[in-house]
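These notes concern the structure reproduced below.
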Amino acid sequence: MAENWYLIPGLGADERVSRGLSLPGPAVVLHWLAPQSPSEPLRQYAARLAEAVPNDQPCWLVGVSFGGLLALEVGRLRPLARIVLVSSLADASQLPLLLKLGRATRLYRLVPFGLLPRLPRLAQWFFGARNGREYRLLARILHDTDPIFAKWATRQLLHWDSTGVPRAVRLHGTQDRLLPAGRGLVDHALPGAGHFMIVSHAATLSHLLHELAYPATA
């Protein structure tokens, strides 16, 4: 029986971003939960999210952008899960300079996650949405993002303690402006892909995920 693939979208996103993927097994989208408080710790939030992932079954966790942090945190609690990061960070040291500045100064309003919903064309540049279809999808996602959730998630991103997170396979675009890969290890770099590559490079990502699932037959 094929293993389940649990998908954790990026901040404010949902199953819309993964519709172009062809996965090697059944896909289950883990929908965002409302934070229990403005200060709910990321690990506590991840424990609630992990309730949808069986503890005794091997599976895959695919985290996109901020969802990658949650995939790693859920992975602490589900040791049978294999983790794939798409346009995300493998540890807190890979936080870009702009976000480190936001953390150091506590001027969270300077962080792109707070600005981009009000500046869709700037968002298009940051995310690398390449055409009208991708731009319209991005604009709808930004419009639908709950500002309370965005504020909570931004704070969690900036103050993430990644000590002891499990190993993950990292897929990253070479033109990611929002969360650049930096000097961290990237297992598969997608030339020319931006932060929105879950949509723009869905076919390439699908092929890579099939290779990961069935390395001898892909």
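For this structure, a couple of remarks:
- Among the residues making up region 118-162, those that are of a type in the set (Phe, Trp, Tyr) and surrounded by 19 or more Cβ atoms within 10 Å (Cβ to Cβ) are 126, 127, 152, 160.
- The residues on offer are 68, 63, and the sole one that is touching a Pro at 6+ places or on another chain (Cβ under 9 Å) and buried (at least 22 other Cβ atoms within 10 Å of the Cβ) is 63.
- All positions within region 170-218 that are of a type outside the set (A, V, I, L, M, F, W, C), within 24 Å of residue 13 (Cα to Cα) and not in a loop (DSSP other than H, G, I, E, B): 170, 172, 173, 188, 200, 204, 206, 207, 210
- Qualifying residues in region 165-212 (those that are touching a Phe, Trp or Tyr at 6+ places or on another chain (Cβ under 7 Å) and not small (Gly, Ala, Ser)) - the one surrounded by the fewest Cβ atoms within 10 Å (Cβ to Cβ): 177
- Only one entry in 29, 53 is closer than 21 Å to residue 172 by Cα and in contact with a helix residue (DSSP H, G or I) (Cβ under 7 Å, 6 or more places away or on another chain), namely 29.
- Inside region 1-48, residues that are of a type in the set (S, T, N, Q), crowded, with 21+ Cβ neighbours inside 10 Å and not in a helix (DSSP H, G or I) make up a count of 0.
Each reported figure results from applying straightforward, stated rules to the coordinates on display, with no laboratory input. Quick caveat: nothing in here was measured; it's all calculated off a predicted structure. Cβ atoms come from the backbone with ideal geometry, glycine included; neighbour counts cover every protein chain shown.
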